[in-house]
Amino acid sequence: MLVAETDLGVAAIERDQPIDAFLAPLQRRFPRSEIGPGEVASAWLTGVLDGGRGPLPPVDLGGLSPFDARVYLAVRSVRPGETVTYGEVAALIGSPGAARAVGGALSRCPLFPAVPCHRVVRAADGWSGWGGDDRLKRRLLTIERG
């Protein structure tokens, strides 16, 4: 896992990505800021993956579109272990009917799991395939539900 932070919070979390590919979008989002290793977020992330629960770390949404930032903040307000639909998130941010756009924002989210995308599901079946594999989503929700 690669984690980067600014002085405002977590800027990005990625896995299975070369460092250059990880840093390139950060340099575009924060052209005048210093990005460092995510020490606070790394400790939080290790705890979560070990089955712990705790408050989400602060995030830095700088350089993201206003729509994406609203989506990420709304998703961060969903309580651990609970789920909402893409349409419900769209309504929460004042954009009813924008469920697909919410899905797009979540699919490009650079902050998972500090933005707990796994708490957002399809209205049709209560799940989301995450590219056809929802095992991680189910595991994280199980951990959150205790």
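Within the stretch 75-89, is there a residue that is aromatic (F, W, Y) and touching a Gly at 6+ places or on another chain (Cβ under 9 Å)?
For the stretch 75-89, residues aromatic (F, W, Y) and touching a Gly at 6+ places or on another chain (Cβ under 9 Å): present.
In this structure, does P25 turn out to be in contact (Cβ under 8 Å) with a residue 60 or more places away in the chain and more than 20 Å from L141 (Cα to Cα)?
Spelling it out, P25 is indeed in contact (Cβ under 8 Å) with a residue 60 or more places away in the chain and more than 20 Å from L141 (Cα to Cα).
Tell me which residues, restricted to the stretch 78-115, are small (G, A, S), part of a loop (DSSP other than H, G, I, E, B) and touching a strand residue (DSSP E or B) at 6+ places or on another chain (Cβ under 9 Å).
Passing the criteria: only A114.
For the stretch 19-41, indicate whether the set of residues that are surrounded by 13 or more Cβ atoms within 10 Å (Cβ to Cβ), among the hydrophobic types (A, V, I, L, M, F, W, C), under 22 Å from V121 (Cα atoms) and modelled with pLDDT under 95 is non-empty.
Within the stretch 19-41, not a single residue is surrounded by 13 or more Cβ atoms within 10 Å (Cβ to Cβ), among the hydrophobic types (A, V, I, L, M, F, W, C), under 22 Å from V121 (Cα atoms) and modelled with pLDDT under 95.
Go through (1) buried (at least 18 other Cβ atoms within 10 Å of the Cβ); (2) out of contact with any helix residue (DSSP H, G or I) (no Cβ under 7 Å at 6 or more places or on another chain) for R100 and report which single condition fails.
Among (1) buried (at least 18 other Cβ atoms within 10 Å of the Cβ); (2) out of contact with any helix residue (DSSP H, G or I) (no Cβ under 7 Å at 6 or more places or on another chain), R100 violates only (1).
Against the definition (over 16 Å from V48 (Cβ atoms) and either touching a residue at least 24 places away in the same chain (Cβ under 8 Å) or assigned by TED's automatic domain parsing to the domain that holds E14 (or both)), how does G87 come out, yes or no?
For G87, the condition - over 16 Å from V48 (Cβ atoms) and either touching a residue at least 24 places away in the same chain (Cβ under 8 Å) or assigned by TED's automatic domain parsing to the domain that holds E14 (or both) - is met.
The values are calculated or read from the model by the stated rules, or taken from the named source; none is laboratory data. Since this is a predicted model, take the numbers as computed values, not measurements. Heads up, the Cβs are rebuilt from the backbone with ideal geometry, glycines too, and the neighbour counts pull from every protein chain shown.
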